[in-house]
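Below: one structure, written as structure tokens.
The values are calculated or read from the model by the stated rules, or taken from the named source; none is laboratory data. Keep in mind that this is a model prediction, so the values were computed, not measured. Methodologically, a virtual Cβ is constructed for each residue, glycine included, from the backbone with ideal geometry; neighbour enumeration extends over all protein chains shown.
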Amino acid sequence: MGNTPHLRQQFVDLNNLDNSIAIHAPGQSGHFFHQHYTDMIDPWCKLEYHPMFWSQQTLTANTTDKLHLVPQKLRAKS
């Protein structure tokens, strides 16, 4: 997956999964010259973790945007 190590930190609260947090670095791309290669370095260095929502209730309560993807219908092969 690219040229960089995957540096993921994750803390899972087994008593309440919705209290779990995580972050990964260096960024969204593993390709050295990609514009998103270093996206997550600053938050990773500052220990700015992201919540990991496990329950539907917590996920829904913290959702700001929703993207609904609908696959193109398969064409019948002739």
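Looking at (1) in a loop (DSSP other than H, G, I, E, B); (2) out of contact with any Ser or Thr (no Cβ under 9 Å at 6 or more places or on another chain); (3) at pLDDT below 80; (4) within 24 Å of residue 8 (Cα to Cα), which is the one condition that is false for residue 24?
Evaluating residue 24 over (1) in a loop (DSSP other than H, G, I, E, B); (2) out of contact with any Ser or Thr (no Cβ under 9 Å at 6 or more places or on another chain); (3) at pLDDT below 80; (4) within 24 Å of residue 8 (Cα to Cα) leaves (1) as the failure.
Between a first residue in segment 31-50 that is at pLDDT below 85 and aliphatic (A, V, I, L, M) and a second residue that is surrounded by 15 or more Cβ atoms within 10 Å (Cβ to Cβ) and not in a loop (DSSP other than H, G, I, E, B), which pairs have beta carbons less than 9 Å apart while being 6 or more apart in sequence or on different chains?
Here the result reads 40/23; 40/24; 40/25; 41/25, each pair linking segment 31-50 to a residue that is surrounded by 15 or more Cβ atoms within 10 Å (Cβ to Cβ) and not in a loop (DSSP other than H, G, I, E, B).
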